[in-house]
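Below is one structure, written out as structure tokens, with a few remarks after it.
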Amino acid sequence: MAVLAATQNVFAQLEPCPSKPNCVSSEPGTDSKQLVKPLPYVSIPELVLAVKKQIPRASVVKRSESYLHVEVRSRLFGFVDDLELRLDEYAQKMQVRSASRVGYYDFGVNRKRVELLRDYLLSGKTD
């Protein structure tokens with residue numbers, strides 16, 4: 001499970017992705033093959049609502065004013081992936097990391113999850 005590198009620091013970052021291709025992140029310094037754009041800047045309550053509406057089998061395991069950690073279970077085998085998001089006040093963006101806990105390849109699942117969430121947030125839907 002990934003955690004914030006420095007929990008109380010304004011400039012804290014999400015844990016870097018390992019060298020395996022089963023992780024994506026928007027944090028600065030991420031390898032280009034694993035890089036995704038940050039999500040739009042929204043509040044944590046708005047983000048929780050978006051996750052519940054758009055990501056099946058997701059459970060919020062940690063939540064604060066600036067951080068959200070969600071576990072997502074795969075449909076077939078129940079493998080757990082970690083989805084983490086942090087408010088980046090400085091950049092006015094939501095930094096994101098999505099990673100599989102087991103295996104090497106994720107067949108693009110983590111990238112698709114992030115893009116699904118991005119599309120929903122950009123659509124402006126609140127229902």
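A single member of V102, V80 is over 17 Å from A12 (Cα atoms) and modelled with pLDDT under 95, and it is V102.
Which residues, taken from the stretch 32-48, are surrounded by 14 or more Cβ atoms within 10 Å (Cβ to Cβ) and under 18 Å from E15 (Cβ atoms)? Those that are surrounded by 14 or more Cβ atoms within 10 Å (Cβ to Cβ) and under 18 Å from E15 (Cβ atoms): Q34, L35, V36, P38, L39. When the stretch 73-127 is filtered for residues that are crowded, with 18+ Cβ neighbours inside 10 Å, more than 14 Å from S43 (Cα to Cα) and of a type in the set (S, T, N, Q), the ones remaining, listed by number, are S98, S100, N110. Screening the stretch 60-77 for residues that are over 14 Å from the mean Cα position of the chain (by Cα) and polar (S, T, N, Q) and picking the one that is modelled with the highest pLDDT gives S64.
Y104 meets all of the listed conditions (1) out of contact with any Asp or Glu (no Cβ under 8 Å at 6 or more places or on another chain); (2) within 26 Å of S123 (Cα to Cα); (3) among the hydroxyl-bearing types (S, T, Y) but one, namely (2).
As a summary of the residue check, A12 satisfies the conditions (1) within 20 Å of L116 (Cβ to Cβ); (2) surrounded by 15 or more Cβ atoms within 10 Å (Cβ to Cβ); (3) over 14 Å from the mean Cα position of the chain (by Cα) except for the one numbered (1).
The values are calculated or read from the model by the stated rules, or taken from the named source; none is laboratory data. For clarity, every value in this text was computed on a predicted model and none was experimentally measured. Neighbour counts are summed over all protein chains in view; Cβ atoms, including those assigned to glycine, are modelled from backbone coordinates with ideal geometry.
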